[in-house]
1. Could you list, in their original order, any pairs among K112/K139; K145/K177; K51/K210; K35/K96; K177/K210; K116/K139 whose Cα atoms are separated by more than 19 Å?
2. Peptides 68-75, 201-208, 99-106: what's the order by average Cβ count within 10 Å, highest mean first?
3. Grab the beta carbon distance between K93 and R204, set R0 = 35 Å, and tell me the FRET efficiency rounded to 0.05.
4. Can you give the FRET efficiency to the nearest 0.05 for R173 and E72, using r as the Cβ-Cβ distance and R₀ = 35 Å?
5. Modelling each spin label as a point 7 Å along the Cα-to-Cβ direction, I'd like the Q193/N180 distance in nm, to one decimal.
6. How big is the stretch 150-210 along each principal axis, measuring the range of its Cα positions in Å and listing the largest first?
7. Tell me which aspartates and glutamates have Cα within less than 18 Å of K152's Cα, excluding those fewer than 8 residues away on the same chain?
8. Any chance you could check the Cα centroid distance between the stretch 136-214 and the stretch 83-119 for me, in angstrom?
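None of the figures in this text is laboratory data; all of them are computed from the coordinates on show. The structure presented is a predicted model; accordingly, all values stated were derived computationally and were not measured. Positions of Cβ are generated from backbone atoms using ideal geometry, with glycine treated the same way; all protein chains shown enter the neighbour counts.
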Amino acid sequence: MTKTGWFGGAILALVSFGALAAEVGLITAVSGNVKLQEEKAAASELKPFVKVRERDLLMMEGTSRLQVVYFEGGRQETWQGPVVLEIGNGSSKTLKGSLQPEVKTLPAILVKQLSKTPSPDGNVKSGMIRMRSIPPYEKLETVEKNYEEMRKQADAKDRNPELYLLASYLELREFDKLENVLRQLNEKGSGDQDLAALNMLYSRAVREAKSAGK
């Protein structure tokens, strides 16, 4: 093979890998028995706040429930099991089962911040880049005003406004405010599985952000 041919093939492989690795949505809530099967990987328990990619499979059993938000278009789907889903670019496809989701379209400003939720695998490199490049118009006052409006319009059990606020505080390096939000959530939802995962996620993200900022 010529050098040109090899180089072209390598570039194509990298592009293809990048397309496969693109994160298209965020699991914002999960309960019950739900498995995640990523491409060419064994199925494992689905954790809350995991970002999913196209062609990932979600296998729900019994009375399980999950909520996924797609970054492209802001589609939020709430599913009740049993059902098998395939993650698409902007919506899910039912592979097994006849159930349909409850669908809602979220505001773009909310979806933008949900996409910045730290990854459970601890990789906050991209998040740190976003912190350094935050637009000047996204000031603290604007973020908190947006949150207040979201909270007024949201159901009491809906944590999307808090997910927006946490991601924004992390981006703005408002760590004390972030930790205060977590304390308030803990007081209201003791023993909640999703809340425990959220605490671990942001505790680690704050530690790494502080360390990177030294």
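1. Numbers: K112/K139 15 Å; K145/K177 14 Å; K51/K210 23 Å; K35/K96 14 Å; K177/K210 14 Å; K116/K139 16 Å.
Going by Cα-Cα distance, K51/K210 fall outside the 19 Å limit.
2. 68-75, 201-208, 99-106
3. 0.60
4. Working: r = 28 Å, r/R0 = 0.80.
Plugging the Cβ-Cβ distance into 1/(1 + (r/R0)^6) gives 0.80.
5. Each label point lies 7 Å from its Cα, and together they span 3.2 nm.
6. The Cα atoms of the stretch 150-210 stretch 33, 25, 14 Å along their principal axes.
7. The reachable aspartates and glutamates, counting only those whose Cα sits under 18 Å from K152, are E141, E144, E162.
8. First find each Cα centre; the distance between them is then 21 Å.
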